[in-house]
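The values are calculated or read from the model by the stated rules, or taken from the named source; none is laboratory data. Quantities reported herein were computed from a predicted structural model and do not represent experimental measurements. Here Cβ is always computed from backbone atoms with ideal geometry, including for glycine, and neighbour counts include all displayed protein chains. Only protein heavy atoms, including side chains, enter the accessible area calculation; ligands, DNA and RNA are left aside. Shrake-Rupley method; radii C 1.70, N 1.55, O 1.52, S 1.80 Å.
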Amino acid sequence: MTTVAVLVGSLRKGSFNLSLAKGIESLAPEGVNFIYADMDLPLFNQDLEADFPAKAVAIKQVVEQADGVLFVTPEYNRGFSGVLKNAIDWASRPWGKSSFAGKPAAIVGASMGPLGTTQAQSQLRNVLLYLDMKVMGQPEVYFNAITGLDEQGHVVGESREFIKSFAEAFVAHVRSAASPR
């Protein structure tokens, strides 16, 4: 069984990015378990490292127990979300004990426009490379939620085949790059 930690950078109930993550999960090959991290964390504060908050410990454990990590980001003001940055900060701390080091990863994002998460993904890629993650380069997914999701948030139409091919490529990346636990 391949385990994927999923970090969705939107807390919105009707999040396009959560729908995209669920779509990837539904179209992934057999034998893959998606675990969604609780992103409702306290703001990172280095003063709290001496007594890590329980939710921060939990996100570190989700990442550490996974074979790979899927980052699903909206784009806010030409950058990735504070929700995602906060989760990354907690899971990469304390210094020298990053939960991300060496993990295979992929970045996707959904918006109302065809290229709405390009800037967010570019910035996030830089952060993940700094954290020593094995970031998948292709295929890139800049998902248009208006044409690719139905009213219930399911991936539809031509988007299904594209998301299925992404899911297959990502799982292959995780399986080939994941180090034994």
**Request:** Give the long-range amide H neighbours of Phe100: residues separated by 5 or more places, or on another chain, with amide H under 5 Å away, using H modelled in the peptide plane at 1.01 Å from N.
**Result:** none
**Complete:** Under the rule rounded for a/c under 1.5, else prolate if a/b exceeds b/c, else oblate, using alpha carbon gyration tensor axes a ≥ b ≥ c, segment 1-41 is classed as oblate
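Restricting to DSSP H runs of at least four residues, report the calculated mean residue ellipticity at 222 nm for the chain, -39500 (n - 2.57) per run over all residues, nearest 500 deg cm²/dmol. If you can, show how the numbers build up before the last one.
On the way: 6 runs with 71 residues, N = 181.
Using -39500 (n - 2.57) per qualifying helix, the result is -12000 deg cm²/dmol.
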**Request:** Name the longest site-free stretch of the chain, where the excluded sites are GluC sites (Glu not before Pro) in a DSSP loop with no more than 10 other beta-carbon atoms within 10 Å.
**Result:** 31-150
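Cβ under 11 Å from Gly68's Cβ, Gly68 left aside: what net charge do those residues give with Lys, Arg +1 and Asp, Glu -1?
Overall, the nearby charge balance is +2.
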**Fraction in percent of alpha-carbon pairs per bin - 5 Å, segment 40-181** = 2, 10, 18, 20, 19, 16, 10, 4, 1, 0
**Item:** Percent carbon-and-sulfur accessible area, the chain, ignoring ligands, DNA and RNA, probe 1.4 Å
**Value:** 52
**Asked** What is the calculated FRET efficiency for Trp95 to Ser176, with r their C-beta to C-beta distance and R₀ = 25 Å, to the nearest 0.05?
**Response** 0.25
**Fill in**
Arg160 and Asn33 label points (each 7 Å along its Cα→Cβ direction) are spaced in nm at 2.8
**Message:** Under a crude label model (7 Å from the Cα following the beta-carbon direction), how far is Leu43 from Ala169 in nanometres?
**Reply:** 3.8
**Asked** Once you sort the root eigenvalues of the Cα gyration tensor of segment 1-123 as a ≥ b ≥ c, which label holds: rounded (a/c under 1.5), prolate (a/b larger than b/c) or oblate (the other case)?
**Response** oblate
**Asked** To the nearest 0.05, how large is the calculated FRET efficiency for Met112 and Ala50 if R₀ is 35 Å and r is the Cβ-Cβ distance?
**Response** 0.25
**Item:** trypsin sites (Lys or Arg not before Pro) lying in DSSP loop within segment 1-109, provided at most 12 other Cβ fall within 10 Å
**Value:** Arg12, Lys13, Arg78, Lys97
**Formal net charge of residues neighbouring Gly157 (Cβ-Cβ distance under 13 Å; K, R +1; D, E -1)** = -1
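For segment 1-135, what is the accessible area per residue in Å², given a 1.4 Å probe and the full set of protein chains?
Numbers: 6250 Å² over 135 residues.
Value returned for segment 1-135: 46 Å² of accessible area per residue.
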